[in-house]
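Chemist: What follows is a structure written as structure tokens; I'll ask about it next.
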Amino acid sequence: MRYYKFNVRDGYYIGETRQFSIYEKGMIRRDEPLERLQIIPKINDKNHFNFQYGPATGGLIESLDFKIITNGEAIKGIVVNPYVKSRTMRCLNKTIDECLLLVERINGYHSASHSIAFLSAVEDALNIDIAEGTYYGRIVILELERIRSHLLVLKRMCEPAGFGVPMYQLSYINEIITRIISDISGHRYFYSTNKLNRVDVDFGLLSSYIQTLIKIKREFENIFNGLLESKIFINRLQGNGLIKDDPLIGPAARAAGFKRDARSNISILPYKELNFEPIIFNEGDSFGRFYIRGLEISQSFDLCINALERAEQSEYNYSNNFSGEGAARLESPSGDLFYYVNIDNGLIKDIQMSSPSYLNLKSFIKSAINTIFTDFHFNFESFGIWVSEVGVEFI
Amino acid sequence: MSNQWFIKGVKKGILTEGFPQLPPEKPPLRPSLLIGSSNFKCPVGALDENKWNPEKCIFCDKCSMEMHFTGDQKLFKINRKMNAFKRSLYIYIIDSGTCGACNAELFNIFSPQYDANRYGIFLTNTPRNADVLVLMGVETEGMKSVLEETYESMPEPKCVVKMGTCAIGGAGIGSKISSLEPDALIYGCPPSPYTILEALIELKGDKP
Ligand code: SF4
Ligand code: SF4
């Protein structure tokens, strides 16, 4: 394993796989089961009552089961069951290609992140060097995915405020990005785009879209600046869902002032060559998370266009019967995403994944205590949580 | 302030496209209608005795040496038209076990390019107001009873749509949703907004 060491607790905390606690550079075996995602009020107040929110509710994109403890005004406790829609993925004793079809369907909205993190772990096990064109090609599609994902979060934050015009304008841009993804890869969510040492994307065609990308970047910045000038909107976000301490990763960590970004602290993708520096802010509330995502959208447009110059499709014919162990991590739009694989004769013997949504859910419930329910949706959406990637079991 | 957004919105003009009266402006290649015949060993068994089965296909492109994606977005089957909903159709969504992409595509039919509202298609936050229950994702233990209870709480007349390969055929991930007979099937992994919009318009007995 080139990037990870066993029994090392080095750097910040990334999350949990089935058996390991993951840190920036190491993984430690965990013997206890994962702790429950809940905060229960310490004092048993007779004025507290519970209400059920979810698992099926029009207010959330995915099914998620909340039990909210409140005194009628503020949220005093939350119990979350993120496993209500848990899926099992039959990956063990499957080939890399077979497993990849499942991995890219763990979180469809972040499918490029999942497939590239998984393939990077496999490539680590294979101990192969990746072609430069593939590295940059991966950056191109990861940044397109990040733009779309952040746009969705911002759009979802406009909705509870009743800000219909910016919400629809952001949806419009989101759809343009999705269509560009579809044109260059054949699929709107990058399914079947990533291979070992290869990105199946028409980079020449994407080059012809550069002017469009520059134009929609400008359009986005106009909408974003308009929202920043809107006091009614900003008031709903400032001070809502404040969290400034662990466990924080991804945009939530950067909003709270932590310089945590796998793009700058790992070597599996050459972000440093593109002079990448994480954007940091000092407000750990919903506004901070909104603001960071807005700035990162502009940054991702630039990274995507710069990386495109060196992106290429390459070919690598690997043998089917290799064995080895590998691990890799990358910065998905919601934070650090980690994969570990153990391969025997070309078949998956073990696969473990740590998703950013698990830690983001943990941070969300911590941040929601003492907020009022009308602020719940702004706060929840600001974390960019995808339930689909939390409850996955590999068998 | 809201005035300022109103003006910004008006300045943009109409962004909605001519679909479905006009052909789709940007149809994805995958998913789309697949033609040809092949004895390729499909990873999810969607090529049975050389015949393509859209219920199982995950549009992975692995058979592309012999099969051909046409770009045609008519990937749905209506079992029962619901003329009672000609004027308006309120949708309640249940995610039984999705990857999130089906959910995103269903929301996308309300983006300005597609604007499902102009056909009287709306989302509702409560099954008590819903005309159609849209089911997505594979069958999961945690959501099994929720589907049935939700359906029971909907007023008559009502109908069921199963959307996406997971719900219809399992997608090689798990089991398809076994309960509730569907009035319409919308194929794709995920189905594109074009497919979803046209299927819902036909389901409500409306003319595109
Ligand atoms: S596209 Fe993939 S899933 Fe569909 S028939 Fe071909 S090989 Fe099977
Ligand atoms: S059908 Fe495909 S896109 Fe839809 S939930 Fe299943 S895996 Fe995701």
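Chemist: May I ask you to say which residue of A:125, A:121 is in contact with an Asp or Glu (Cβ under 7 Å, 6 or more places away or on another chain), assigned to a helix (DSSP H, G or I), of a type outside the set (Lys, Arg) and closer than 20 Å to residue A:340 by Cα?
Modeler: Going through A:125, A:121 in turn, the sole match is A:125.
Chemist: I've got another one for you. So residue A:307 passes all but one of these: (1) under 29 Å from residue A:379 (Cβ atoms); (2) in contact with a Phe, Trp or Tyr (Cβ under 8 Å, 6 or more places away or on another chain); (3) at pLDDT 95 or above. Which condition number does it fail?
Modeler: Unmet for residue A:307, out of (1) under 29 Å from residue A:379 (Cβ atoms); (2) in contact with a Phe, Trp or Tyr (Cβ under 8 Å, 6 or more places away or on another chain); (3) at pLDDT 95 or above: (1).
Chemist: Could you say whether any residue in region B:121-132 is at the interface with chain A (Cβ under 7 Å from one of its Cβ atoms) and within 16 Å of residue B:201 (Cβ to Cβ)?
Modeler: Yes, region B:121-132 contains a residue that is at the interface with chain A (Cβ under 7 Å from one of its Cβ atoms) and within 16 Å of residue B:201 (Cβ to Cβ).
Chemist: Further, regarding this structure: Kindly provide the set of residues from region A:54-104 that are over 22 Å from the mean Cα position of the chain (by Cα), charged (D, E, K, R) and within 13 Å of another protein chain (Cβ to nearest Cβ), ordered by number.
Modeler: A:90, A:94, A:97, A:98 - these are the residues of region A:54-104 that are over 22 Å from the mean Cα position of the chain (by Cα), charged (D, E, K, R) and within 13 Å of another protein chain (Cβ to nearest Cβ).
Chemist: Also, quick follow-up: Hey, among A:206, A:144, which residue is surrounded by 23 or more Cβ atoms within 10 Å (Cβ to Cβ), over 20 Å from the mean Cα position of the chain (by Cα) and in contact (Cβ under 8 Å) with a residue 24 or more places away in the chain?
Modeler: Going through A:206, A:144 in turn, just one is surrounded by 23 or more Cβ atoms within 10 Å (Cβ to Cβ), over 20 Å from the mean Cα position of the chain (by Cα) and in contact (Cβ under 8 Å) with a residue 24 or more places away in the chain: A:206.
Chemist: May I ask you to say which residue of A:47, A:7 is surrounded by fewer than 17 Cβ atoms within 10 Å (Cβ to Cβ) and modelled with pLDDT under 90?
Modeler: It is A:47.
Chemist: For residue B:151, state whether it is at pLDDT 95 or above, surrounded by fewer than 24 Cβ atoms within 10 Å (Cβ to Cβ), among the hydroxyl-bearing types (Ser, Thr, Tyr) and touching an Asp or Glu at 6+ places or on another chain (Cβ under 7 Å).
Modeler: When the stated conditions are applied, residue B:151 does not pass them.
Chemist: Hey, could you check region B:71-95 for residues that are under 16 Å from the mean Cα position of the chain (by Cα) and under 11 Å from residue B:130 (Cα atoms) and say which is surrounded by the most Cβ atoms within 10 Å (Cβ to Cβ)?
Modeler: B:93
Chemist: On to the next question. Out of the residues in region B:27-67 that are touching an Asp or Glu at 6+ places or on another chain (Cβ under 7 Å) and modelled with pLDDT of 95 or more, which is nearest to ligand 2 (Cβ to nearest atom)?
Modeler: Per the stated criteria, the residue is B:30.
Chemist: Is it the case, given these coordinates, that residue B:70 is at pLDDT below 95 and either within 14 Å of chain A (Cβ to nearest Cβ) or within 12 Å of ligand 1 (Cβ to nearest atom) (or both)?
Modeler: The answer is no for residue B:70.
Chemist: If you take the residues in region B:158-204 that are over 14 Å from the mean Cα position of the chain (by Cα) and among the aliphatic types (A, V, I, L, M), which one is farthest from ligand 2 (Cβ to nearest atom)?
Modeler: Here the answer is B:180.
Chemist: Within the bounds of region A:383-391, is there any residue that is assigned to a helix (DSSP H, G or I) and of a type in the set (A, V, I, L, M)?
Modeler: yes
Chemist: Hey, can you tell me all the residues within region B:119-166 that are within 17 Å of residue B:184 (Cβ to Cβ) and within 16 Å of ligand 1 (Cβ to nearest atom)?
Modeler: Residues satisfying the conditions are B:164, B:165, B:166.
Chemist: Can residue A:37 be described as aliphatic (A, V, I, L, M) and in contact with a Leu (Cβ under 9 Å, 6 or more places away or on another chain)?
Modeler: The answer is yes for residue A:37.
Chemist: Please verify whether region A:280-287 includes one or more residues that are assigned to a helix (DSSP H, G or I) and buried (at least 17 other Cβ atoms within 10 Å of the Cβ).
Modeler: yes
Chemist: Pick out the one residue from B:175, B:179 that is surrounded by fewer than 24 Cβ atoms within 10 Å (Cβ to Cβ), at pLDDT 95 or above and of a type in the set (S, T, N, Q).
Modeler: Being surrounded by fewer than 24 Cβ atoms within 10 Å (Cβ to Cβ), at pLDDT 95 or above and of a type in the set (S, T, N, Q) holds for just one of B:175, B:179, which is B:175.
Chemist: Next up: Could you count how many residues in region B:14-67 are of a type in the set (Val, Ile, Thr) and more than 9 Å from ligand 1 (Cβ to nearest atom)?
Modeler: 3
Chemist: Here's something else I'd like to know. May I ask you to list pairs of residues, at least six apart or on different chains, whose Cβ atoms are under 7 Å apart, with the first in region B:34-63 being within 12 Å of another protein chain (Cβ to nearest Cβ) and free of Cβ contacts under 8 Å to residues at least 40 places away in the same chain and the second being within 16 Å of ligand 2 (Cβ to nearest atom) and in a strand (DSSP E or B)?
Modeler: If the second residue must be within 16 Å of ligand 2 (Cβ to nearest atom) and in a strand (DSSP E or B), the pairs left are B:61/B:30.
Chemist: Among what's in region B:98-117 and is more than 7 Å from chain A (Cβ to nearest Cβ) and touching a residue at least 60 places away in the same chain (Cβ under 8 Å), pick the residue that is surrounded by the fewest Cβ atoms within 10 Å (Cβ to Cβ).
Modeler: Ranking the qualifying residues of region B:98-117, first place goes to B:115.
Chemist: Right, something else. If residue A:378 satisfies every condition in (1) in a helix (DSSP H, G or I); (2) modelled with pLDDT of 95 or more; (3) hydrophobic (A, V, I, L, M, F, W, C) but one, which is the exception?
Modeler: (2)
Chemist: For region A:154-253, which fully contained helices (runs of 4 or more DSSP H) count at least 3 residues that are within 9 Å of chain B (Cβ to nearest Cβ)?
Modeler: Output list reads A:164-185, A:210-228, A:231-237.
Chemist: Does residue A:225 qualify as being modelled with pLDDT of 95 or more and surrounded by fewer than 19 Cβ atoms within 10 Å (Cβ to Cβ)?
Modeler: Here the answer is yes, as residue A:225 does meet what is asked.
Chemist: Filter region B:103-131 down to the residues that are β-branched (Val, Ile, Thr) and over 18 Å from residue B:14 (Cα atoms) and list them by number.
Modeler: B:121, B:124, B:126 - these are the residues of region B:103-131 that are β-branched (Val, Ile, Thr) and over 18 Å from residue B:14 (Cα atoms).
The values are calculated or read from the model by the stated rules, or taken from the named source; none is laboratory data. Model, not experiment: these values are computed from the prediction. Ideal geometry is used to build each Cβ from the backbone, glycine not excepted, and the neighbour counts take in all protein chains shown.
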